[in-house]
Protein chains: 4
Amino acid sequence: MTHDELQTILDDIAVEMAAEVNRGTVADYIPPLACVSPNQFGITIVDSHGHSMSAGDTDVSFSIQSISKVFSLTMALRSVGETLWDRVGREPSGSPFNSIVQLESEQGIPRNPFINSGAIVISDILLANQTSDDMISDYVKFMHILTGDESLKIDQEVADSEKATGYRNFALGNYMRAFKNINHPVDVTLETYFNFCALSMNCQQLAKAGCYLMSGGQLSSDTSNPVLSEERTRRILALMMTCGHYDGSGEFAYRVGLPGKSGVSGGILAIVPGVASIAVWSPGLNARGNSHLGTMALERLVKRTGWSVFSASDEISG
Amino acid sequence: MTHDELQTILDDIAVEMAAEVNRGTVADYIPPLACVSPNQFGITIVDSHGHSMSAGDTDVSFSIQSISKVFSLTMALRSVGETLWDRVGREPSGSPFNSIVQLESEQGIPRNPFINSGAIVISDILLANQTSDDMISDYVKFMHILTGDESLKIDQEVADSEKATGYRNFALGNYMRAFKNINHPVDVTLETYFNFCALSMNCQQLAKAGCYLMSGGQLSSDTSNPVLSEERTRRILALMMTCGHYDGSGEFAYRVGLPGKSGVSGGILAIVPGVASIAVWSPGLNARGNSHLGTMALERLVKRTGWSVFSASDEISG
Amino acid sequence: MTHDELQTILDDIAVEMAAEVNRGTVADYIPPLACVSPNQFGITIVDSHGHSMSAGDTDVSFSIQSISKVFSLTMALRSVGETLWDRVGREPSGSPFNSIVQLESEQGIPRNPFINSGAIVISDILLANQTSDDMISDYVKFMHILTGDESLKIDQEVADSEKATGYRNFALGNYMRAFKNINHPVDVTLETYFNFCALSMNCQQLAKAGCYLMSGGQLSSDTSNPVLSEERTRRILALMMTCGHYDGSGEFAYRVGLPGKSGVSGGILAIVPGVASIAVWSPGLNARGNSHLGTMALERLVKRTGWSVFSASDEISG
Amino acid sequence: MTHDELQTILDDIAVEMAAEVNRGTVADYIPPLACVSPNQFGITIVDSHGHSMSAGDTDVSFSIQSISKVFSLTMALRSVGETLWDRVGREPSGSPFNSIVQLESEQGIPRNPFINSGAIVISDILLANQTSDDMISDYVKFMHILTGDESLKIDQEVADSEKATGYRNFALGNYMRAFKNINHPVDVTLETYFNFCALSMNCQQLAKAGCYLMSGGQLSSDTSNPVLSEERTRRILALMMTCGHYDGSGEFAYRVGLPGKSGVSGGILAIVPGVASIAVWSPGLNARGNSHLGTMALERLVKRTGWSVFSASDEISG
């Protein structure tokens, strides 16, 4: 598939999405998110050669929310390695993103790092040797490196809003602290977590940030300093496939067939191993809390490119 | 990778597995399974050219148990198409294979077709226009076609044993009938289900039976009469990835990175799309009810071949 | 309070109940129950001197359903004593009468003998040394003794209907059998259970049958042969208070303040220790599955007589 | 029964309890409670004439913990009446005192006011028109009136300790705030709740404080100014019977047969309507979190006095 062919596919999809009447429902539990227009849609693809293609509103920034869980997990694996699995599981939860029920029967160990409770534990792990401010700063720097863009920053209004109204997350944090699976003061750990979620990115930046996941952990052609080993990269992709869309993960795998991670602001990062890093964004959500048009766009993209990891065809290497 | 190289890998793995001291625990809830020796291990690979390679006890037959759920789902998709999703979900359950809890809160709709409740509904769907005996006969014939081996048959002792002691399955069936999600007498539907599970196969036959899943739904080079469409085949693989190992599905995806389906008799069918159909068998199970050595063997195979669907390398088409 | 005063109270209540517009909803899951008219209402009181007072439709028979759980528990305590608590708990379930969820986390041990699962275990205990037919016959004889009325019999249409459609009960029985907490074939245990539930009684007979619970276990002035010891009688009353109305038990205690046991056919047996045995019946149920008008009538009766066990006044001893 | 006879019974029980080897387990989740000696035991009875009888360590103070839930519910009923039931249920929970699971499925409405979540909502209701400090001060004054003892005060070390380590309660508060069933800042509501629990009383004071529950809501022979109406008093007793001992409520009703409320510091307040208010204290707990020796002592007291509310005998008005 040529760049032109792919660009045409993206343009077609953007036109089709613009025409969709049902645009999903914008999340309202974080007040600043509630006023974003559901009419927006953008999609960016970066291929294995670093070539970027976009269609739609790909320069509009949004807080990446739960997509940050992929990056914080990456940082935690770099920092403490596989020992982090002592404190968080690797199984789909079968529950919504903010469910607390599972924690009671499983003694404060979250099912996986991609639901809120799991990502809060990851934040707590990252705080082992530094303050929340330093950790947030390190995270932003890490994202600068992944994107090559030093303009990225936290949307402080969003972070503050979550701090003021994120009662369920405070409940999760306190509950896990009762099981001694949070080691820092709950408000410190959540401060870190909320700032991770509040990083502001657009589709172009996000697709760029996902490139190491496409390329076996490598950031560039200089393979001497990978972000992650090839094995750990594969494992993150496996978690994205089984757990990346909360209790809609099975549905996403069924319809799209790519490892992906969604956020309530309407973004999805999806990876075609060895082939492409894809960022899509549209603020309206479906019943599972995943971008309605974003999922639909990815489904069409995969249909037209044959990019499912479950595809038998050789065209995957494009 | 040459056939010789691959054969060497298989031989090495068989030797390594023979040396493992911890062999897992043989399932004892179905009496005839309890007396199988955990010392056995076999692995067979059939590649995209139909070439078969084996190591270990690959000609010893075992009842395929839950692996049958892949084949019955295939038959149901052929028979009624996507309408079957009205009666069964597509999400990982986060629960053991025989859990009944989820059914209460979700009104008798099983989470997915690969847990017992879901496969019982699939059996019920297949009974729409025929008797249990005819349906079982059709299933055996379908498996004859997939394997090209007309000697395959039901292990009647195993089927009878489940009928006599499968109380949890009777509980699941009756419970779903109360929600009107089972339409036939519970014992008739379960008779069908138990016989599906009791089909006796060895690794060589099982790997052959999985070939249509490797090759986009095609049974042979004559592509005019596929078992399933390419799209439905991908979708079954997605379900195997997210739900194929009960509440150990995330772990399997993390360690192995292939769509797979396990059974309590110790078999696993794993698929490398476009590349290979793999059957592995060792009767001892891990804590999640999946073959302990089978999982370990697949993990090593993937490490040595690079066959994870999450691998960025081009060698996958090897 | 004189007999005349009490009769007037009953007559008033019957008139008030006849005037109620909202009559609750008749249970429809057992087909023969569905066609009973919700316009019926009856109430009978038998006092500690054996004097009986009635108002309304107290000679219309109905299957006593779950009220039978009090009598089968009594028989089981007579038969095996406190050892029965090894197989069933004594705590309110916080769940509907037919919930199966609790059984999964608590290994097949029902919360209490007054939910379906618990009463099925009680039936199984009673089958230890005899056939289902003999046991049912013993139960009917026991009820003849309690009521002094040899005309009582099982409503076979109701028993057969439950056998044909009681899928949830078959699910509960099979599920507990999987945990080895049912020792007989599930259909045999359920045959017994369904027949217990299908005993046909009217309010006059039911109030009479409850007299031993009012009088410390004594059936008559001849105290040499009690039905139960005084201590066990108190304990059954405690269970009726905490568990007698499924997940509406707290509400009943709050509004009525008497130990009671309801059934889905609309009957309630309530006991004023030392003072009165009360049977009330009206087929329409409230949201918790307890008689809507029956509960209301008891609430008014207690208000006008001061008969709550939580009352501080001396009038309780009448 | 004469005062002397009753005193002898209490003395005997105190001697028997002193000889018990198994003394239960002292709660350790609130640090200051962990160092209390389990060798202590005290019991005080105040009868309907105001006569007080004691045996054992009845002048040793302890923080009353969850027993405070009876008093805060009383204050809330006085303040807002039955409307409080819009925000908290009246059913046994079937769960431990600090369970959060039920809140998820029931939208943040606690099952009853005697589990932690319910009492936190009651605290929030009481804060409607005043600061936390004022409310705590009002509560202490209310307890002064009930006991006639102005020396009662909050154990500030205990209150501070709960504030510092009560992570589960912070989880419950935040979780209910997410459902909008907590209206004040969570730390303010919990400050109030923790202070209620930290009130320091001895058995003599506690038995005195319970007298209004024994006497239909009256504090003294001057009946013009009751603490509660007779009806509301009965209703609180009903809640104590069905919900007063967490998931051990059924067991307590079965063994003791009196409305009661326990606390994790080892106290129990039990009421014999019209007859006696009983306070018992021993710090070691049973598996359900209720005083091990306290429960045993009450069981023996009831056996020797016939004071169960389920007793048929007339001696109850003794």
In debye, nearest 20, what is the charge dipole magnitude of segment B:9-88 about its Cα centre with +1 on Lys and Arg Cβ and -1 on Asp and Glu Cβ, if you could check?
420 debye
Gap in Å between the Cα centre of segment B:248-318 and the Cα centre of segment B:101-122?
25 Å
Quick one: dipole size for the protein assembly as shown, taken about the Cα centre, charges +1 on Lys/Arg Cβ and -1 on Asp/Glu Cβ, in debye to the nearest 20.
0 debye
Report, by chain and number, residues whose modeled amide H sits under 5 Å from the one on A:PHE62, excluding near sequence neighbours (fewer than 5 apart, same chain).
A:MET201, A:ASN202
Which one of A:LEU237, A:GLY94, A:LEU285 is farthest out on the positive end of the charge dipole of chain A, using unit charges on Cβ (Lys, Arg +1; Asp, Glu -1) and the Cα centre as origin?
A:GLY94
Compare B:PRO185, B:PRO38, B:PRO110 in a GNM of chain B, Cα atoms joined below 10 Å, and give the one with the largest fluctuation.
B:PRO185
Between segment D:1-65 and segment C:1-62, how far is it from one alpha carbon centroid to the other, in angstrom?
47 Å
For segment D:259-264, take each phi angle, set θ = phi - 60°, evaluate the Karplus expression 6.51 cos²θ - 1.76 cosθ + 1.60, and give the result in whole Hz per residue in order, putting x for glycine and proline.
x, x, 9, 9, x, 5
As a check on your reading of the symmetry: which chain C residue has its Cβ nearest the axis that brings C onto A, and how far is it in Å?
C:SER105, 4
Under a 5 Å amide H to amide H cut-off, with H placed in plane at 1.01 Å, what residues pair with D:ILE182 once short-range neighbours are removed?
D:ARG177
Whole-percent pair-distance distribution, where bins are 10 Å wide, for the alpha carbons of the protein assembly as shown:
2, 9, 16, 18, 18, 16, 12, 7, 2, 0, 0
Long-range share for segment D:19-102, i.e. C-alpha pairs more than 18 Å apart as a percent of all pairs, stands at 67 percent
Quick check on the exposure proxy: order D:SER105, A:SER93 from fewest to most C-beta atoms within 10 angstrom.
D:SER105, A:SER93
Among A:VAL140, A:LEU10, A:GLY50, the residue whose Cα sits farthest towards the positive end of the charge dipole of chain A, when +1 is placed on the Cβ of each Lys and Arg and -1 on the Cβ of each Asp and Glu, is A:VAL140
Can you sort B:SER161, C:SER249 so the residue with the fewest Cβ neighbours within 10 Å comes first?
B:SER161, C:SER249
Hey, got the dipole for segment D:163-318? About the Cα centre, +1 on K and R Cβ, -1 on D and E Cβ, debye to the nearest 20?
340 debye
Using a 10 angstrom Cβ neighbour count of at most 16 plus a DSSP loop assignment to flag exposed chymotrypsin sites (Phe, Trp or Tyr not before Pro), which longest range of chain C is free of such sites?
C:30-178
Mean residue ellipticity at 222 nm from the helices of chain A, using -39,500 (n - 2.57) per DSSP H segment of n ≥ 4 over the full residue count, to the nearest 500 deg cm²/dmol?
-13500 deg cm²/dmol
Taking amide hydrogens as modeled 1.01 Å from N in the peptide plane, which residues meet the under 5 Å criterion relative to C:LEU285, leaving out close sequence neighbours?
C:THR25, C:VAL26, C:ALA27, C:HIS292
Which whole DSSP H helices in chain B pass both tests: a Cα extent of 30 Å or more along the axis and a mean Kyte-Doolittle value no lower than -1.0?
none
Give the relative contact order (percent, whole number) for segment C:149-212; include only Cα pairs under 8 Å separated by 6+ residues.
51 percent
Length-normalised contact order of chain D, Cα under 8 Å, at least 6 apart, in percent, tallies to 25 percent
Kirkwood-based Rg to Rh ratio, segment C:164-238, C-alpha trace
1.13
Alpha-carbon centroid distance for the pair segment B:146-186 / segment D:142-213, whole angstrom
56 Å
Per residue of segment C:32-45, in order, report the coupling 6.51 cos²θ - 1.76 cosθ + 1.60 (Karplus, θ = phi - 60°) as ³J(HN,Hα) in whole Hz, putting x for Gly and Pro.
x, 6, 5, 9, 7, 6, x, 6, 7, 7, x, 8, 10, 10
For segment D:160-265, with +1 on Lys and Arg beta carbons and -1 on Asp and Glu, the positive-most of D:LEU219, D:MET201, D:PHE252 along the dipole:
D:PHE252
Note on chain D: alpha-carbon gyration tensor, axes a ≥ b ≥ c; rule is a/c under 1.5 for rounded, else prolate if a/b larger than b/c, else oblate; result prolate
Of C:GLU162, A:GLU104, how do they rank once you tally other Cβ atoms within 10 Å and put the fewest first?
A:GLU104, C:GLU162
Cross-link candidates for A:LYS163: which lysines have Cα within less than 27 Å, leaving aside residues fewer than 8 places away along the same chain?
A:LYS69, A:LYS141, A:LYS153, A:LYS180, A:LYS261, D:LYS163, D:LYS180
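Bear in mind that the values in this text are calculations on the coordinates, not laboratory data. Note that the structure is a prediction, hence the values are computed from the model and not measured. Glycine also receives a Cβ, built like all others from the backbone with ideal geometry; neighbour counts cover every protein chain displayed.
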